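Have a look at the structure below before the remarks.
The values are calculated or read from the model by the stated rules, or taken from the named source; none is laboratory data. Quick caveat: nothing in here was measured; it's all calculated off a predicted structure. Backbone-built Cβ (ideal geometry, glycine too); neighbour counts: all protein chains shown.
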Amino acid sequence: MLDPEDERLCGGMHECRAESFCGDWTENPADGVVSFDNIMWACTTIFTSITLEGWAQAMYDSQDSGGAWSWLFHVLMIVFGAFILMNLTLAIILTKFRDSVEEQEKEKVRAQLVEERRTLMKTRILRMRRERETAKAVQV
């Protein structure tokens, strides 16, 4: 008989009691969210695990149903996913953000230089006009 009080999955490291048998459960752990049944739920489970949220229970469920060595997959996933890939992703995002801020600052400096050059050119043109007017007045 299927024991409804036994919440652990059977098959790997967890054995059912003598008066019950290991049968198929109709739903996956954590209300069906933790599963590798299809690519969507597998990606969700892996993403949840590499954010270090609930990965231990997923590992225990995997050990209960799959075998003793499934812990290795989860530990490697945490080491590479959470500690390396997440930090690498954050480093890339921060670097791109810093680069964009520096580019905006350079653009502001360029705009100021262009405005200063325009002002300088206007003053030179005005000075040249005054000099021409003064030269014409002197000639007359």
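Residue by residue, here is whether (1) modelled with pLDDT under 85; (2) of a type in the set (A, V, I, L, M, F, W, C); (3) under 20 Å from the mean Cα position of the chain (by Cα); (4) surrounded by fewer than 10 Cβ atoms within 10 Å (Cβ to Cβ) holds:
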| site | (1), (2), (3), (4) |
| --- | --- |
| P29 | yes, no, no, no |
| A56 | no, yes, no, no |
| W71 | no, yes, no, no |
| M86 | no, yes, yes, no |
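Here is a check on your reading of the model: is M1 part of a loop (DSSP other than H, G, I, E, B), at pLDDT below 75 and touching a helix residue (DSSP H, G or I) at 6+ places or on another chain (Cβ under 6 Å)?
Values: part of a loop (DSSP other than H, G, I, E, B): yes; at pLDDT below 75: yes; touching a helix residue (DSSP H, G or I) at 6+ places or on another chain (Cβ under 6 Å): no.
In short, no.
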Among the numbered criteria (1) more than 23 Å from E27 (Cα to Cα); (2) of a type in the set (S, T, Y); (3) in contact (Cβ under 8 Å) with a residue 40 or more places away in the chain, which single criterion is violated by S70?
-> (1)
